[in-house]
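Computed from the coordinates by the stated procedures, all read-outs in this text should not be read as laboratory data. Values in this document were obtained by computation on a predicted structure and should not be read as measured data. Here the Cβ positions follow ideal geometry from the backbone for every residue, glycine too, while neighbour counts run over all protein chains shown.
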Amino acid sequence: MPTIRRLPEHLVNRIAAGEVVERPASALKELVENAIDAGSTQITVRIASGGLDMIEVTDDGCGMRPDEIALALERHATSKLPDEAIELVATLGFRGEALPSIGSVARLTIESRPHDAAEGWKRVVDHGTVAVDAPAALPPGTRIRVEDLFGKVPARRKFLRSPRSEYAVCLDVVRRLAMARPDVGFVLEHDGRRTISVQPREELAARVARLVARELAEDGVVIEAERGTARLTGVAGLPTYNRGVADHQYLFVNGRPVRDKLLVGAVRGAYSDMLARDRHAVLALFLEIPPEEVDVNVHPAKTEVRFRDPAFVRGFLVGALRHALEGAGQKSAQPPQAAAMNMWQVEPVAPAPSIGSLFAREYSAPRSDYQPSRVSETGTAWRSYEAEVMAQPAARAEAAEEASEEALRYPLGVARGQVAGTYIVAEAEDGLVIVDQHAAHERLVLEKLKAAGAEEAMNRSQALLLPEVVELEEAACDALEDKLADLARHGLILERFGPAAMLVRAVPSVLSKSDVGALVQDVADDLARNGDALLLGEKLDLVLATMACHGSVRAGRLLSVAEMNALLREMERTPRSGQCNHGRPTWVKLAHNDIEKLFGRK
């Protein structure tokens, strides 16, 4: 039998370092969090070669005395835990392993000076060995430099990625921490080039827009909600402002950046009927909850959390997000793109027609069954309601005055005609509005179905003639068994059928023709990912959206002016009408300035 022995101290430190320092970004995160916990108002980060060669973090925090520096380099020594109540920790870290772990796998230089001290102190630890311990000249605060990371652990260093890839991870770390603390100024320099520079005491929405995407200032909605002792703030992008990957979703719990499955699932649920499944929202959400309601000690790096009441948290997030997005009304995040504008600026390739040929067309009095015509294949101008009105000289002035008043009254203006039987062209006070009639009506029908209680009707069960047995892994069956009541409310009625199978007795009526086994497997997979039955609800949302699509005005259908205006007015009254059920815009606007540019007036 092998002999049990104690591991040498240097090996213990390297094992601990493996938990804390996975890559340069891991060390950077620990150092910046220490600077924030020290009460800093300005933090400057300098890195070289993606952090492989050098990481330096300078702050103006409280600083440390020489004896405190020495103690901070010992394992499990911390100033962030005044008592033994680790579940009530209010700082970003408290394990006391960051500095000794980094010092065991790199050359670590700590220089610090308290605000009431005449001089500072410097200690250098080179891969676990104290190399320098002497006075140092620096302003109040702390400066920590990490060099030659994993220099004496080549097996770890060769598994690191390229400097460019490591820098991208470091950038993400600083960006998230800078978002979490808008009261603190941050500067990030990489190889001498400044990539982040934000001033302290910024408003949260301004800080998020500056760090995530400047478009969020116009294409996002501010989140401010409270429920009981929980509070949610942040900025959420409009559904039409989305991405193909979820790399621009920033989630924080009590000021701590996290990557939590429950929160990600809640975001997906909130946007479920406003985004296509391959698109992702852009947002930054900050959840504040009493410390006793959340466990931050699930992961050594504290990037994962566990909630005491996950159903409450998910419901709170979904409700707050949906309420804020509904408040955006018919707002859309898709202004006309510059490239699309440039396509209009085409030089004529043939002599321009004479004035007479442009207006060589006789008009009859407007018919009661008037329908705007499509653009012809030869490119002639489409017939509009305005053209019909202009054929009546006596009524011309009165009609123009009424149209002007209408344009001032309505945000989406008044209909002037229809292009290709698909797009409504309207005149608004501040520009020209183009509406996709099918996409717009699809959203209106979906909202009406929801308001009429169609979702509840969809959740009714359809009993199976013969109950179906679905074989799953035992852990998946356990998860489903815990959620039987929730699933039954959605119309999916299950029973446990042995250790590794579920008996399906009924499914939601609108999903009665689907593959029952695949449905149950999808729900089980979603439970494993998110801890809640999100996917079933999304499937029902998808069916509801499909019903709305089939019940909406189709592209190619000619509408009367009255029908077009009725659609515009309904859009103005309906929440989320700025995007269709798949996250695409329902309307775009050409401002007067854009139109004037097209004709060279500006």
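Remark: spin-label model distance Leu71-Glu293 equals 3.5 nm, labels positioned 7 Å along the Cα→Cβ axis. Around the amide H of Gln42, modelled in the peptide plane, lie the amide H atoms of Asp60, Gly185, all under 5 Å away and 5 or more residues distant in sequence or on another chain.
When peptides 429-442, 582-595 are ranked by their average number of other Cβ atoms within 10 Å per residue, the highest-first order is 429-442, 582-595. Amide H contacts under 5 Å for Leu464: Ala506, Val507, restricted to partners 5 or more places along the chain or on a different chain, H placed in the peptide plane at 1.01 Å from N.
Largest first and in whole Å, what are the equivalent-ellipsoid semi-axes of the stretch 204-327 based on the Cα gyration tensor, each being the root of 5 times an eigenvalue? Provide the component values of the computation, followed by the final result.
Values: eigenvalues 100, 45, 42 Å².
Those come to 22, 15, 15 Å.
Could you tell me which of rounded, prolate or oblate describes the stretch 9-198, using a ≥ b ≥ c as the square roots of the eigenvalues of the alpha-carbon gyration tensor, with rounded for a/c under 1.5 and, failing that, prolate when a/b is larger than b/c and oblate otherwise? Rounded, since a/c falls under 1.5.
In the stretch 104-199, what chymotrypsin sites (Phe, Trp or Tyr not before Pro) fall in a loop by DSSP, with at most 16 other Cβ atoms inside 10 Å? Hits after loop and neighbour filter: Phe159.
Each label point was placed 7 Å from the Cα along the Cα-to-Cβ direction; for Asp247 and Thr195 their separation is 1.2 nm. A Förster radius of 25 Å combined with the Cβ-Cβ distance from Glu22 to Lys261 puts the calculated FRET efficiency at roughly 0.75. With the simple model of a label 7 Å out from the Cα in the direction of the Cβ, Ile4 to Ala168 spans 4.6 nm. For a label point 7 Å from the Cα of Asp53 along Cα→C-beta, name the residues of the stretch 143-175 whose backbone N is under 13 Å from it. Of the residues in the stretch 143-175, 147-149, 163-164 have backbone N under 13 Å from the label point off Asp53. In a fully extended conformation the segment linking Val419 and Ser461 would gain 10.7 nm over its present Cα-Cα distance, using 0.36 nm per residue. The length gained on full extension between Glu596 and Ala276, counted as 0.36 nm times the residue separation minus their Cα-Cα distance, comes to 111.7 nm.
Annotation note: GluC sites (Glu not before Pro) in the stretch 153-207 located in DSSP loop regions with a Cβ neighbour count of at most 15 within 10 Å are Glu203. Using the Cβ-Cβ distance between Thr229 and Ala528 with R0 set to 45 Å, the FRET efficiency from 1/(1 + (r/R0)^6) comes to roughly 0.95.
Is the shape of the stretch 187-246 best called rounded, prolate or oblate, per the rule: a/c under 1.5 gives rounded, else a/b larger than b/c gives prolate, else oblate, with a ≥ b ≥ c the square roots of the Cα gyration tensor eigenvalues? Oblate, because a/c is 1.5 or more while a/b does not exceed b/c.
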